[in-house]
Amino acid sequence: MKSIKISRRDFLGLSLVAGGAVAITESLFVGLRFLSPRATEGEFGGQFNLGPYEQYPPGSVTPVEAGRFYLVRLQDSGFLAVYQRCTHLGCSVPYDQSSGQFVCPCHGSKFTTEGDVLTPPAPRALEIFQLSVSEAGDLIVDTGTIIERDQADPSQVVYAQG
Ligand code: FES
C-alpha cells in the first residue's frame, strides 16, 4: 500500500482552503435564509385565508387583528381589506360602528368605510391590502402587498363571482 506524503506547508494550505470553503458555504446559507420570505400564512406580512366570502354580509366591517386590517364588505357586496394604520402618523384606527366611520384616536382624523378621508390631518385614504377570491370562493388577503392610494376608488373594490 502506498502512503501519500504531504508537507507541513501543503497541509496548512489545504486547511486554509477547506476552512475558506466552509465559511463561504455558511455565508451562502445565511444569505439565502435572509432573502427568503419570512412571513408565513396567518401572520402579518403574509397571506390570510378568510374563508368563504358568503359568510360576510354586505355592509359589514370585520376586524382581522392578526393581519392589522379590516375586511370591509360594502353595501354593493364588494370587498376591501383596509389597513388599520392611519396615514397621518401611523396610529391604529378603530372602526366606530355607530357612525360607520374609522376614527383615529390620535389626532381625530375620520375616514369613510372605504377608507377615504373625511376629516384631516390624515393626508390620504387608508391603505389597502391586495385581496382576491380563490376558485373555491375563499377570500385571500396578502398583507405583504400594501396598496397606497390618495383616495378610495371603485376600481379598488373586489367582487366575488356568483
Ligand atoms: Fe391618525 Fe394623527 S395619527 S390623525
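The values are calculated or read from the model by the stated rules, or taken from the named source; none is laboratory data. Note that the structure is predicted; figures quoted are calculated from it, not measured. Here the Cβ is made from the backbone with ideal geometry for all residues, glycine too, and neighbour counts use every protein chain on show.
Annotations
- Per this entry, Ala81 is not counted among residues that are surrounded by 12 or more Cβ atoms within 10 Å (Cβ to Cβ) and within 16 Å of the ligand (Cβ to nearest atom).
- Taking region 10-91 as the region of interest, the strands (runs of 3 or more DSSP E) fully inside it that hold 2 or more residues being at pLDDT 95 or above, β-branched (Val, Ile, Thr) and under 23 Å from Pro154 (Cβ atoms) are 60-64.
- Applying the condition of being free of Cβ contacts under 8 Å to residues at least 40 places away in the same chain and basic (Lys, Arg) to region 84-127 and asking which residue is nearest to the ligand (Cβ to nearest atom) yields Lys110.
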